[in-house]
Amino acid sequence: MSHSASSAQTPKAVPSHGPRDSFAQLGAFLLDAGYAVTDVHFWLTKVAEKTGHGNMSIAVLPATVLVSEQPGSAATVVNATGVELPFSISARANGLVRELATGKVPVSLFPTRIQAIRDASTPTTTTEMLFGSAFLSAGLAMLFRVPWWAIVAALFLGALIGIFIHAASRIRGAGTIITFIIAFCSTLFVGLLASALDLSPIPLFAVCAPLAVLVPGATITNALLELSATDMVTGSSRLMYGLLILGFMSTGIGAAAMITGLRIDSSAANLLGEINAVSTDLGGWESVPPLWVSWIGVVFMAAGIGLAFKAGRLLTLLSIPAMVITYAGITLLGPLVGGVGATGIIGAVAFFLARTLERYVPRAPAIATFRPAFLLLVPGTVGLIALTTLDDNALITALGTFLSLSIGTKTGAVVADLVFRHEANPDEPLNELPV
């Protein structure tokens, strides 16, 4: 949805208590926009240097920013709201921080500019969440070629889950328990349906697809990036939170499966590189769709992400080629280097392309354009599979996928940083560039 009308509003006057407050508010804003702690610290430091405040001491935690004039002096503390901003607002945040990094905007105007963008943010409507979750769920089911009946069930359950998430978002502190309730109820429905139609065992993605919108994949990936950048406290806290969410979801799935007697086929395709081998001798609603339907699933997922995360027209359109490139790369490389290796390679390429696009199109930040591609790499879903099946091979695959994606994403970020820094300073040797 476009926010052009809202953004035309007159900015509110925002009180500021000096440079410390301005930088702390900027950091909190970037946290709400979904930036990793490492990236927030990088941009705050860069803006401080460009605006003549290079002596600032900056500390960033997952939900808090502390800024002082110099080490050991009094610090200004600003907490993030904890409410993740829509993708379209994250795009504007990316454009703003890059503008501020030029040093041409007075520090005193930072709070007003930030508030103007916050005011332009409108919450996702029930309709957007309904269709977004439904499309994302059905698209993921089509992508992994579960039986036709499961695709229809995923579309229906995704819509119900979208409505429930929108209603539950108004209840503070209920995030973790709600994931358990949704996972339990969704799996209970699938289990009862499978029992009534005598469909067991069923592919795991027939259960997991409706829950895709709940998987904390971005949180886990940010955690791994922060850990790889030695931000141990922030990375560990994010990782524990992501694993807690996955634990609640897998517990809900397991409880409902036990009640209904649902048997899950954990040997079905769980990674993109495995979907070519999916087949069945069954016909009708129990047959699996042909391979070309997977490409339609990619479009469905892009539309679902655009609606559920309020990405806007530009980012929604960009997410389609991002997901197509990711899907094509994984399916081509998977048989050659294995699913885990392909995840790292495609993660590096996709993140480099996202950073490149971000440089030339500020309204297309890497944090938004990479997330659709990241969803196909499914580190969160892989973890959910591992916790649900308690299978040793699945656990090893999950760990390998997490590490591969983390290394690949970090490699893409470092290469992009080297290339663009050298482009800006061609006389500076590459081996002396900071990364």
5 Å is the cut-off here: which amide hydrogens, built 1.01 Å from N in the peptide plane, fall below it relative to Thr64, excluding neighbours closer than 5 in sequence? Ala80
Per-residue HN-Hα couplings for the range 138-147 [Karplus 6.51, -1.76, 1.60; θ = phi - 60°; Hz; x = Gly/Pro]: 5, x, 5, 5, 5, 4, 8, 6, 7, x
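Which of rounded, prolate, oblate describes the range 76-196, given a ≥ b ≥ c as roots of the alpha-carbon gyration tensor eigenvalues and a/c under 1.5 marking rounded, otherwise prolate only if a/b is larger than b/c?
prolate
Order the peptides 90-97, 359-366 from the highest to the lowest mean number of other Cβ atoms within 10 Å of their residues.
Top of the packing list down: 90-97, 359-366.
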List, largest first, the extents of the alpha carbons of the range 22-146 along their principal axes, each in whole Å. 58, 25, 22
FRET E, pair Thr122, Asp417, Förster distance 25 Å, beta-carbon r, rounded to 0.05: 0.15
For Leu199, what charge total do you get from the other residues with a beta carbon under 10 Å from its beta carbon, if Lys and Arg give +1 and Asp and Glu give -1? -1
Using the Kirkwood formula on alpha carbons, the hydrodynamic radius of the range 58-132 in angstrom works out to 14.8 Å
Please label the shape of the range 202-252 as rounded, prolate or oblate, based on the square roots a ≥ b ≥ c of the eigenvalues of the alpha-carbon gyration tensor (a/c under 1.5 means rounded; beyond that, a/b larger than b/c means prolate, else oblate). prolate
From phi via Karplus (6.51, -1.76, 1.60), per-residue ³J(HN,Hα) for the range 351-360 in Hz, x at Gly/Pro: 6, 4, 5, 5, 5, 5, 4, 4, 5, 9
Spelling it out for Ser287: with amide H atoms placed in the peptide plane at 1.01 Å from N, the residues 5 or more places away or on another chain with amide H under 5 Å from its amide H are Trp148
Please work out how much length the chain gains when fully extended from Ala168 to Asn79, using 0.36 nm per residue of separation minus the C-alpha to C-alpha distance, in nm with one decimal. 29.8 nm
Residue-by-residue Karplus 3J(HN,Hα) for the range 78-87, coefficients 6.51, -1.76, 1.60, Hz, glycine and proline x: 10, 8, 5, 6, x, 9, 5, 6, x, 4
Could you rank the peptides 106-114, 22-30 by their average count of other C-beta atoms within 10 Å per residue, with the highest value first? 22-30, 106-114
By average Cβ neighbour count within 10 Å, what is the ranking of 183-190, 54-61, 202-209 from highest down? 202-209, 183-190, 54-61
Using alpha-carbon positions, the gyration tensor of the range 53-100 gives root eigenvalues a ≥ b ≥ c; with a/c under 1.5 called rounded, otherwise prolate if a/b exceeds b/c, else oblate, the class is oblate
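Where a number appears in this text, it was derived from the coordinates with a stated rule and is not lab data. These numbers come from a predicted model, not from an experiment. For neighbour counting, all protein chains shown are included, and Cβ atoms are generated from backbone atoms with ideal geometry for every residue, glycine included.
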